[in-house]
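Report on the structure given below.
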Amino acid sequence: MAFDKALAFTIAALILFVVANAFPFMGFGLPGDIRHTTLVTGSIEMYRQGAIALSLIVIFASVVIPALQMILLLYLLVPLNLGYRPREIPAVMKTLHYMGNWSMMDVFLLAILVSTVKLADMAHIVPGPALFAFVVLIFMLAGAQASFDEERVWSMVKVPDPDPAADEIIECHVCHLAVPIDHHHERHAHCPRCNTALHYRKPDSLQRTWAMVIGALICYIPANALPIMHTTSLGNTQSDTILSGIIYLLHHGSWPIALVIFFASVLIPLTKLLILMYLLLSVKMRASWRPRERTRMYQLAELVGKWSMVDVFVVSILVSLVQMGNLASIEAAHGALFFCAVVIITMFAAMAFDPRLIWDNLGETNDRLSTRYA
Ligand SMILES: [Zn+2]
């Protein structure tokens, strides 16, 4: 059977997901007084502290979206393995397509590693059974996604015959169907397979990308200037910004982890914004310089973006673990929310940019050259 491997991985992932949420995730404290937490304790604690937006973002990226992803995969894979066609394939496949970027369990795993290093010399850390389930779960979900043949599922959807007046082809950016259309009707064209609006180029791509890049740059200032968390220990409150957290790790933790956080929290968001600005300017100035390399830059920026969320998850884990009353407690602060905004707005900015624009200028240069030398 074509889908049995993907189904096996998905069922295994779903069982591990239940275990990862039902059992203690990590314990932290002094011997004899260990506080046990679950995967969602961080979100609940931040919600209780009033950081509602932050708690919702964390719980969506680390629990809700991965759960929906697995349920939707199961919804498709069970009937497919039993030999009949599931209903609503386009709607379900489209939802899976859009959720892909926002499922961040792998980033959460990195955050766990960083948190344990940060807390190692403070008190005891006790890994719970849910932690082991969580680690294996990430591999199972990756296996399910890798063995899920999307093209084959899409090919089960019947597509009506193309418009006889069609004189142009547009590729659907969701299901990748090449749709022949009549260019007079391009404005209102929809994909016959998944009903996504078709565009020769994403509408107003440059303006929308610029608006979001500027928005992200504005948020970048408070994200770095304001503390991302407050640590209260024996009556003293200390506030940490992203940068002071990195310096702390450099002195008290380990330099590889400090480097990881530096990459994820400082270098990646800034580089991503710089790449987008460079691409926007290069398209505006009709540059024809190395289009393949510029497209690669864009793809790289899109791929690494979500890893910037690691520090936000670290805050949520520290908030969940370090609640030892007067001895020590950690609270999320506004900087974390602004930082979250930078990451999310930048992800949307990358989605709004149309990399095909890079190649358009090249076409024009070629046309100009060919008319000049004809
Ligand atoms: Zn489509």
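Looking only at residues that are over 11 Å from the mean Cα position of the chain (by Cα) and aromatic (Phe, Trp, Tyr) in the stretch 343-360, which one is least open to solvent (accessible area, probe 1.4 Å)? Taking the candidates together, the pick is PHE353. Residue-level check: of (1) surrounded by fewer than 17 Cβ atoms within 10 Å (Cβ to Cβ); (2) more than 30 Å from CYS340 (Cβ to Cβ); (3) within 16 Å of the ligand (Cβ to nearest atom), CYS191 misses just (1).
When the criteria are applied in full, GLU302 meets the requirement of being without any contact (Cβ under 8 Å) to a residue 60 or more places away in the chain and buried (at least 17 other Cβ atoms within 10 Å of the Cβ). Of all residue pairs spaced 6 or more apart or on separate chains, those with beta-carbon atoms under 7 Å, a first member in the stretch 183-196 that is over 13 Å from HIS173 (Cα atoms) and modelled with pLDDT under 90 and a second member that is more than 15 Å from the ligand (Cβ to nearest atom) and not in a loop (DSSP other than H, G, I, E, B) are HIS183/GLU168. Candidates in the stretch 67-90 are the residues that are at pLDDT 95 or above and open to solvent by 40 Å² or more (accessible area, probe 1.4 Å); of these, the one that is nearest to the chain's Cα centre (by Cα) is LEU68.
Whenever a residue of the stretch 80-93 is more than 12 Å from CYS175 (Cα to Cα), its partners that are within 16 Å of the ligand (Cβ to nearest atom), lying with C-beta atoms within less than 7 angstrom and at least six residues away or across chains, give the pairs ARG85/MET156. Within the stretch 153-178, residues that are touching a residue at least 12 places away in the same chain (Cβ under 8 Å) and open to solvent by 60 Å² or more (accessible area, probe 1.4 Å) have Cβ atoms under 7 Å from residues that are within 9 Å of the ligand (Cβ to nearest atom) and outside any loop (DSSP other than H, G, I, E, B) in these pairs: ILE169/VAL179, counting only partners at least 6 apart in sequence or on another chain. Out of the residues in the stretch 35-52 that are surrounded by fewer than 17 Cβ atoms within 10 Å (Cβ to Cβ) and hydrophobic (A, V, I, L, M, F, W, C), state the one that is farthest from LEU82 (Cα to Cα). Among residues in the stretch 35-52 that are surrounded by fewer than 17 Cβ atoms within 10 Å (Cβ to Cβ) and hydrophobic (A, V, I, L, M, F, W, C), the one farthest from LEU82 (Cα to Cα) is ILE52.
Looking only at residues in the stretch 211-240 that are assigned to a helix (DSSP H, G or I) and surrounded by 19 or more Cβ atoms within 10 Å (Cβ to Cβ), which one is nearest to the ligand (Cβ to nearest atom)? Going through the qualifying residues, I end up with MET212.
The values are calculated or read from the model by the stated rules, or taken from the named source; none is laboratory data. This one's a predicted model, so the numbers in the text were calculated from it and none came from an experiment. Cβ coordinates were reconstructed from backbone atoms using ideal geometry, including for glycine residues, and neighbour counts include every protein chain displayed. For the accessible areas, the whole protein counts, side chains as well, though only heavy atoms, and no ligand, DNA or RNA atoms are used. Shrake-Rupley method; radii C 1.70, N 1.55, O 1.52, S 1.80 Å.
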